[in-house]
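Participant: Sharing a structure with you now.
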Amino acid sequence: MKLGMSLPQSDAELNTDTCDPFNNAELTLKLGFRQVNPAAGAAEGTYHDYGRATAPNRKIVKWTVGSWNLWRKNFVDTAARFWNGKFWLSNNFPVYEIEKNGIKYRPNIWCLFKIEDRDIALGGHHHVIDVVRLHKSETWFGSHSKLYDSLDTNSVQKDTDSKGKAIMQRAHVHEVGHLLGLGHVDIGKAHCPPGGDTNASNCYGVADVDKYSVMGQGMQLRLSHAMPWRKAMVALSGKGNALTATDWEAKTQRIYPRIPAEVASNAMLTHRPLRK
Ligand SMILES: [Zn+2]
């Protein structure tokens with residue numbers, strides 16, 4: 001079974017065809033991206049910072065097949081690989097069970113992420129990032145989480161830690177986190193109240209451990225970053241609507257499908273079990 005759904009933050013697809021005694025269901029969250037080109041097929045043109053008509057204009061050039069493929073490869077190789085396949089969700093509900101040789105197996109959920117070309121003409125307007133190709137005379141463009149420029153995949157120094165070491169980040173990997181629904185690392189702490197400006201510098205982390213988070217100023221993945229997949233499973237399955245700590249609980253290592261006795265003892269199978 002393949003079950004697709006458009007969620008507020010992304011498109012989601014749950015695939016249970018992959019399930020067997022050793023393999024889990026796969027949940028893919030999907031975003032698209034597409035070219036922004038100069039108007040009327042021109043080789044060069046302009047585009048406003050942030051896509052806002054009142055903001056300054058920058059010179060842009062038409063994407064070529066080669067430049068687009070290079071940008072796309074760079075983008076997919078970093079953003080998608082950062083987020084893809086990093087979490088497994090423990091299935092604590094009697095759903096998606098399969099039976100083989102008279103034994104029931106309950107699959108867990110492997111969290112996948114895919115970012116794909118989406119042509120406007122083909123539809124699929126949901127959850128799309130627009131990308132402009134800057135003219136070589138431009139060194140900066142006002143981008144945001146849904147509008148990127150051709151320089152946005154570079155790794156830049158964001159800050160230093162308490163020992164003076166540089167903290168590096170590739171901005172688009174952080175922005176994809178936002179697109180998936182994740183907020184800045186310190187939101188909810190006293191120095192970054194949820195009702196205040198959650199883009200204030202304190203929200204990007206004060207302690208080193210938080211600064212290094214991808215939702216701070218660094219490139220580290222945290223267990224809390226599985227929340228978009230956990231919420232998607234609530235939406236797709238209708239189970240765990242209150243989303244307690246154990247509903248679709250995230251793990252950063254593979255956990256194998258369980259038989260009823262293992263479910264009853266709440267075992268987490270991190271090593272390949274012996275099966276008939
Ligand atoms: Zn941010």
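The values are calculated or read from the model by the stated rules, or taken from the named source; none is laboratory data. Every value quoted in this text rests on a predicted model; they were computed, and no experiment measured them. Please note: Cβ atoms are built from the backbone with ideal geometry, for glycine as well, and neighbour counts cover all protein chains shown. With ligands, DNA and RNA removed, areas are computed over all heavy atoms of the protein, side chains included. Shrake-Rupley method; radii C 1.70, N 1.55, O 1.52, S 1.80 Å.
Participant: Just to verify a result, which residue in the range 194-213, among those that are surrounded by 15 or more Cβ atoms within 10 Å (Cβ to Cβ), part of a loop (DSSP other than H, G, I, E, B) and more than 19 Å from the chain's Cα centre (by Cα), is farthest from the ligand (Cβ to nearest atom)?
Facilitator: Once the filter is applied, the top-ranked residue is V206.
Participant: While we're here: Working carefully through the options G218, G188, find the one that is within 26 Å of M168 (Cβ to Cβ) and in contact with a Pro (Cβ under 7 Å, 6 or more places away or on another chain).
Facilitator: Every option except G188 fails the conditions.
Participant: If the requirement is being within 13 Å of the ligand (Cβ to nearest atom), charged (D, E, K, R), open to solvent by 10 Å² or more (accessible area, probe 1.4 Å) and touching a strand residue (DSSP E or B) at 6+ places or on another chain (Cβ under 7 Å), which of these qualifies: R230, R170, R222?
Facilitator: After applying the criteria, what remains is R170.
Participant: Further, regarding this structure: If I filter the range 177-188 for residues that are within 12 Å of the ligand (Cβ to nearest atom), within 12 Å of the chain's Cα centre (by Cα), surrounded by fewer than 19 Cβ atoms within 10 Å (Cβ to Cβ) and not in a loop (DSSP other than H, G, I, E, B), do I get at least one hit?
Facilitator: Yes.
Participant: Ok, one more. Quick test of your reading of the structure: V263 fulfils all but one of (1) in contact (Cβ under 8 Å) with a residue 60 or more places away in the chain; (2) surrounded by 21 or more Cβ atoms within 10 Å (Cβ to Cβ). Name the failing condition by number.
Facilitator: Checking V263 against (1) in contact (Cβ under 8 Å) with a residue 60 or more places away in the chain; (2) surrounded by 21 or more Cβ atoms within 10 Å (Cβ to Cβ), the one that fails is (2).
Participant: Restricting the range 233-257 to residues that are touching a Ser or Thr at 6+ places or on another chain (Cβ under 9 Å) and not in a loop (DSSP other than H, G, I, E, B), which is least open to solvent (accessible area, probe 1.4 Å)?
Facilitator: Checked the range 233-257; the qualifying residue least open to solvent (accessible area, probe 1.4 Å) is A250.
Participant: Considering the range 1-54 alone, what residues qualify as being within 23 Å of R275 (Cβ to Cβ), part of a loop (DSSP other than H, G, I, E, B) and either open to solvent by less than 70 Å² (accessible area, probe 1.4 Å) or of a type in the set (D, E, K, R) (or both)?
Facilitator: Selection gives T16, D17, T18, C19, D20, P21, F22, N23, N24.
Participant: Another question, then. Does the range 145-152 contain any residue that is more than 13 Å from the ligand (Cβ to nearest atom), among the polar types (S, T, N, Q) and on the phi < 0 side of the Ramachandran plot?
Facilitator: Yes, some residue in the range 145-152 is more than 13 Å from the ligand (Cβ to nearest atom), among the polar types (S, T, N, Q) and on the phi < 0 side of the Ramachandran plot.
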